[in-house]
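Participant: Please see the structure below; I have some questions.
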Amino acid sequence: MTTILGLSGSLRRGSFNAGLLRAAAELAPSGVTIDIGSIRDVPLYNADEEEAHGIPTAVQALKASLRSADGLLMVTPEYNNGIPGVFKNAIDWMSRPATDIASHFSGKPVAILGASPGGFGTVLSQNDWLPVLRTLGMRHWSAGRMLVARAGSMFDGDGNLTDEATSERLRGFIAGFAEFIGS
Ligand SMILES: Cc1cc2nc3c(=O)[nH]c(=O)nc-3n(C[C@H](O)[C@H](O)[C@H](O)COP(=O)(O)O)c2cc1C
């Protein structure tokens with residue numbers, strides 16, 4: 001059994017990216033489970049808070065899920081041609097203390113995908129994640145590409161993926177990532 005931690009970088013009700021993650025979980029091949037984690041309760045990173053109170057409960061839970069997972073699936077929106085702050089903030093917290101990076105991130109397979117209403121489907125924010133993943137020593141799966149452009153016509157009002165061709169592409173993407181994890 002392969003377990004993948006899935007994280008969406010949007011807190012929006014009806015989020016395209018959260019919907020893409022739900023669809024990925026449903027389309028995962030047999031023997032592969034995508035556990036959907038949430039960054040909703042992660043506070044803003046503050047080194048003084050860390051020193052005074054340690055790692056927040058929500059971050060500890062995400063770190064435990066990441067540590068036990070065989071891979072990480074990051075579903076990223078794009079803000080101002082880059083990574084949305086709330087998502088980067090969550091990963092930054094998860095990388096604390098730095099002495100835990102080796103046990104949680106290093107060598108862990110990771111795949112990035114995303115959806116946006118524009119024509120480029122988060123290509124710039126996906127690229128923006130690459131130096132972060134490299135810094136954390138993760139094993140990025142670069143063979144697959146999943147850019148969902150024109151998301152307004154691909155999802156319903158609740159953020160559920162409705163486009164069949166995109167669902168099929170997503171099915172192949174998740175299968176490819178699962179194969180990469182097993183290789
Ligand atoms: C501050 C801000 C900046 C944005 N910048 C971009 C951008 O650079 N490229 C893009 O494709 N969409 C951009 N958008 C639109 C988002 O792609 C859109 O809000 C999308 O629905 C966010 O993902 P979600 O549906 O998962 O919440 C931006 C939205 C916000 C709020």
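Participant: Calculate how many DSSP beta bridges within the chain are antiparallel, expressed in % of all such bridges and rounded to the nearest 5. Write out the running numbers ahead of the final one.
Facilitator: On the way: 2 of 20 bridges.
Approximately 10 percent, going by the DSSP bridge assignments.
Participant: Just need log10 I(q)/I(0) for the chain at q = 0.12, 0.13, 0.15, 0.18 Å⁻¹, Debye formula, equal scatterers on the alpha-carbon atoms, no solvent, rounded to two decimals.
Facilitator: Log10 I(q)/I(0), no solvent term: -0.52, -0.62, -0.83, -1.20.
Participant: P(r) of the stretch 97-183 in 5 Å steps, Cα pairs, percent per bin?
Facilitator: 3, 13, 20, 20, 18, 12, 9, 4, 1
Participant: From the protein chains alone at 1.4 Å, what is the descending order of accessible area for Leu11, Leu136, largest first? Write out the running numbers ahead of the final one.
Facilitator: Details: Leu11 70, Leu136 15 Å².
So the residues, ranked largest to smallest area, are Leu11, Leu136.
Participant: Additional query: Set the Förster radius R0 to 30 Å, insert the Cβ-Cβ distance between Thr3 and Asp48 as r into 1/(1 + (r/R0)^6), and round the FRET efficiency to 0.05. Could the numbers behind the result be given before it?
Facilitator: Details: r = 35 Å, r/R0 = 1.16.
Computed FRET efficiency for Thr3 and Asp48: 0.30.
Participant: While we're here: Please list 84-93, 99-108 highest first by mean number of surrounding beta-carbon atoms within 10 Å per residue. Don't skip to the end; give the middle numbers.
Facilitator: Numbers: 84-93: 19.5, 99-108: 14.2.
The most tightly packed comes first, giving 84-93, 99-108.
Participant: A follow-up question, please. So if R0 is 30 Å, what FRET efficiency would Ser103 and Asn160 give, r being the distance between their Cβ atoms, rounded to the nearest 0.05?
Facilitator: Working: r = 36 Å, r/R0 = 1.20.
The calculated FRET efficiency here is 0.25.
Participant: How much accessible surface area, in Å² rounded to 10, belongs to the heavy atoms of Arg40 with a 1.4 Å probe?
Facilitator: Roughly 140 Å² of Arg40 is accessible to a 1.4 Å probe.
Participant: Rolling a 1.4 Å sphere over the protein heavy atoms, what is the accessible area per residue of the chain, to the nearest Å²? The partial results should precede the final answer.
Facilitator: Numbers: 8800 Å² over 183 residues.
Per residue, the chain has an accessible area of 48 Å².
Participant: Using only Cα atoms, locate the centre of the stretch 110-165 and the centre of the stretch 68-87, then give the distance between them in Å, rounded to an integer.
Facilitator: 8 Å
Participant: Follow-up question, since we're still on this one. Answer rounded, prolate or oblate for the stretch 7-97, using the Cα gyration tensor with square roots of eigenvalues a ≥ b ≥ c: rounded when a/c is under 1.5, else prolate when a/b is larger than b/c, else oblate.
Facilitator: Oblate is the answer for the stretch 7-97, as a/c is 1.5 or above yet b/c matches or exceeds a/b.
Participant: Using a basic spin-label model with each label point 7 Å from the Cα along Cα→Cβ, how many nm lie between Thr33 and Asp92?
Facilitator: 3.3 nm
Participant: On C-alpha positions alone, give me the angle between the axis of helix 85-94 and the longest principal axis of the chain, in degrees, nearest 10.
Facilitator: 50 degrees
Participant: If you average the C-alpha positions of the stretch 18-34 and of the stretch 166-183 separately, how far apart do those two centres end up, in angstrom?
Facilitator: 10 Å
The values are calculated or read from the model by the stated rules, or taken from the named source; none is laboratory data. For clarity, every value in this text was computed on a predicted model and none was experimentally measured. Methodologically, a virtual Cβ is constructed for each residue, glycine included, from the backbone with ideal geometry; neighbour enumeration extends over all protein chains shown. These area figures cover heavy atoms from the full protein model, side chains too; ligands, DNA and RNA do not enter into them. Shrake-Rupley method; radii C 1.70, N 1.55, O 1.52, S 1.80 Å.
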